[in-house]
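Single-structure report; data block below.
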């Protein structure tokens, strides 16, 4: 049993490092969200410090993850996923997959968006697939825009500046599949600007 516990604890450091890498946060960003010092976070991620329950709870809250997700506890045979919605930029985002090395699936509820307002664009490594479940969605790719109706899908390389919003003041729902790299989203502030690393 002690060996099993050691094995679980040994997996925590790389999982924490990978979670932070996928969010695109620096140690300072994470420190600001958790109240944990950057030196403690660095030691946790390098395996030089064993995580305490207090530290894991604060990290789980910051990442919107469960403690099981952080420590990589073995999954029980139940294949059901218990989504934990979170909110970002007014969007309700519902994860539909567990930690998966290749792809992540999300249901996203897009709030209403003024038809004449610009579509914020982002650029990052990865590949996305988008399916409109309900409503209408404005999809911006590079300098062009299209409107996707319910039942339509699009796929694109996320190195192209892109973004999607509801095409009206009514909400829209989409199913979004992202390659692992696609989870690290970098804001693009101006045309031609390189995303931050």
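A short reminder: the numbers here are calculations on the coordinates, not readings from a lab. No experiment lies behind these values; they were computed from the predicted model shown. Every residue, glycine as well, gets a Cβ built from its backbone with ideal geometry; the counts of neighbours run over all protein chains shown.
Rounded to a whole number of µm²/s, how large is the Stokes-Einstein D of the stretch 86-183 at 37 °C and 0.692 mPa s, given Rh as the Kirkwood radius over C-alpha pairs? Spell out each step's value before the answer.
Values: Rh = 13.4 Å.
Stokes-Einstein gives a translational diffusion coefficient of 245 µm²/s.
Which of 177, 59 comes first, and how do the rest follow, when ranked by fewest Cβ neighbours within 10 Å?
Details: 177 18, 59 23.
The most exposed by this proxy come first: 177, 59.
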* Structure fact -> Packing-ranked peptide list from 103-115, 164-176, highest mean Cβ count within 10 angstrom first, is 164-176, 103-115
* For residue 155 and residue 134, calculate 0.36 nm times their separation in residues minus their Cα-Cα distance, and state this gained length in nm to one decimal. => 5.8 nm
* What length, rounded to one decimal in nm, is gained on full extension from residue 175 through to residue 17, with 0.36 nm per residue of separation minus their alpha-carbon distance? -> 54.1 nm
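Fully extended, how many nm does the chain gain between residue 116 and residue 86 (0.36 nm per residue separation, minus their Cα-Cα distance)?
Numbers: separation 30, 0.36 × 30 = 10.80 nm, distance 2.73 nm.
Working it through step by step, the gained length comes to 8.1 nm.
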* Over the C-alpha atoms of the stretch 123-179, what are the Rg and the largest Cα-to-Cα span, Dmax, in Å? -> 10.7, 30
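Over the stretch 2-71, what per residue volume does the convex hull of the Cα atoms give, in whole Å³? Could the numbers behind the result be given before it?
Values: hull volume 5.2 nm³, N = 70.
For the stretch 2-71, the hull spanned by Cα atoms encloses 75 Å³ per residue.
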